[in-house]
Amino acid sequence: MIKYISKKNIIYKFSSKNKPVETALPGDMVIFETIDCLSEQIRSEDDSISTIDWGRVNGATGPLYVEGAEPGDTLIVKILDINVSDKAFLVTVPGHGVLSDLKFSSKIKMLKTSKYTTTFGSLNIKSNPMIGTIGVAPAYDEIPCGDLGRHGGNMDVPILNAGSILYLPVSVKGALLALGDLHALQADGELCVSAAETSGEVLVRVELIKGRQPRYPILENRDIIAILAFGNTIDEAIHAVTQYAVETLMVSQKLSFEEAYMLGSLIVNLRINQLVDPKKGVRAEIPKDFVKFEDFLSV
Ligand code: CA
Ligand code: ZN
């Protein structure tokens, strides 16, 4: 039986204090019905950015209690399918995005969208439905869903799409998984501060690794394993992700630091997730010929 969590169950902070709305056993499949990142406050291009309640951003559906999950474990979230609504929106907000220093006005653009195509004006662009915000509860603090960190959160990773597997370090009993902020399409960087923001449904399967966890969230797809790191600056994020990648190559290939550092120059791709949130997100993509997930647990 597939469990279903409706979009009536929304959190705005990842917190151990959130009451679980559903329970799953490792191996269970769960559908999360999600709202868009502005809590369905935008309906048309005539709506005003100025009336938006910014306290209700990046709402995530959940949390889901995973039986048997305890601090020190790793929650495996297999993204089996993502369905998006037939419309999405983009916004510009003065003072935000990569060009936040330039003068521009606030604007809303509505997009027609589907799993396959996103229509921007007269341009039909191939969709890539993905999850912007997904995470578990942190041990102590309450972390707003607009922020990101070791618990996951608003990571905005364009390759977090159907077919990918996310590994999240568990910090509280039951893990307390929640997700939302779907994008029908987003490029690396999320330049203007928003992507093709939409609602929808996500089908996942949850599993557990007991007693071991990676330093940062890890994403795996058919070809690569990616470290999802973050920092207060892009430089800080790049340093963190590179160090973890090199240390993992030392383990997986039994190399000295110097040799692993050199191999990294040949095979590790650093990519930007987003540059427009309070913390910047980067990923290091390593082809699966050179690492397996377990290698990340040993460093
Ligand atoms: Ca986001
Ligand atoms: Zn978003």
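The values are calculated or read from the model by the stated rules, or taken from the named source; none is laboratory data. Worth saying up front: this structure is predicted, and the values here are computed from it rather than measured. Here Cβ is always computed from backbone atoms with ideal geometry, including for glycine, and neighbour counts include all displayed protein chains. Surface areas here come from the heavy atoms of the whole protein model, side chains and all, with no ligands, DNA or RNA. Shrake-Rupley method; radii C 1.70, N 1.55, O 1.52, S 1.80 Å.
Here are some notes:
- Hits in segment 156-184 (condition: within 15 Å of ligand 2 (Cβ to nearest atom) and among the charged types (D, E, K, R)): 156, 181
- Scanning segment 243-278 for residues that are among the aromatic types (Phe, Trp, Tyr) and either free of Cβ contacts under 8 Å to residues at least 12 places away in the same chain or touching a strand residue (DSSP E or B) at 6+ places or on another chain (Cβ under 6 Å) (or both) yields 244, 257.
- All positions within segment 37-62 that are among the polar types (S, T, N, Q) and assigned to a loop (DSSP other than H, G, I, E, B): 39, 41, 44, 48, 58
- In segment 4-20, the residues that are farther than 20 Å from residue 83 by Cβ and not in a strand (DSSP E or B): 12, 15, 16, 17, 18, 19, 20
- Scan of segment 172-184 for residues that are open to solvent by less than 40 Å² (accessible area, probe 1.4 Å) and of a type outside the set (A, V, I, L, M, F, W, C), ordered by number: 174, 180, 181, 183
- Set 38, 64: member being under 27 Å from residue 209 (Cβ atoms) and surrounded by 14 or more Cβ atoms within 10 Å (Cβ to Cβ): 64
- Number of the exception - residue 70 against (1) in contact (Cβ under 8 Å) with a residue 12 or more places away in the chain; (2) within 16 Å of ligand 2 (Cβ to nearest atom); (3) open to solvent by 40 Å² or more (accessible area, probe 1.4 Å): (2)
- Check on residue 194, small (Gly, Ala, Ser), surrounded by 18 or more Cβ atoms within 10 Å (Cβ to Cβ) and touching a helix residue (DSSP H, G or I) at 6+ places or on another chain (Cβ under 6 Å): no
- Residue 91 being open to solvent by less than 20 Å² (accessible area, probe 1.4 Å), under 28 Å from residue 233 (Cβ atoms) and within 15 Å of ligand 1 (Cβ to nearest atom): yes
- Residues in segment 201-218 that are open to solvent by less than 60 Å² (accessible area, probe 1.4 Å) and assigned to a strand (DSSP E or B) were compared, and the one that is farthest from residue 230 (Cα to Cα) is 203.
- Residue satisfying condition, being modelled with pLDDT of 95 or more and either within 19 Å of the chain's Cα centre (by Cα) or not aliphatic (A, V, I, L, M) (or both), within set 251, 282, 268, 276: 282
- Residue 113 being surrounded by 24 or more Cβ atoms within 10 Å (Cβ to Cβ) and hydroxyl-bearing (Ser, Thr, Tyr): yes
- Residue selection: residue 229 satisfies the criterion of being under 25 Å from residue 144 (Cα atoms), within 17 Å of the chain's Cα centre (by Cα), open to solvent by less than 60 Å² (accessible area, probe 1.4 Å) and of a type in the set (A, V, I, L, M, F, W, C).
- Residue 187 vs. criteria under 18 Å from residue 109 (Cβ atoms), within 14 Å of ligand 2 (Cβ to nearest atom), open to solvent by less than 10 Å² (accessible area, probe 1.4 Å) and in a loop (DSSP other than H, G, I, E, B): no
- Any hit, segment 1-22, residues being touching a Phe, Trp or Tyr at 6+ places or on another chain (Cβ under 8 Å), open to solvent by less than 50 Å² (accessible area, probe 1.4 Å) and over 24 Å from residue 280 (Cα atoms): yes
- The residues of segment 256-286 that are in a loop (DSSP other than H, G, I, E, B) and crowded, with 16+ Cβ neighbours inside 10 Å, listed by number, are 268, 275, 276, 277, 279.
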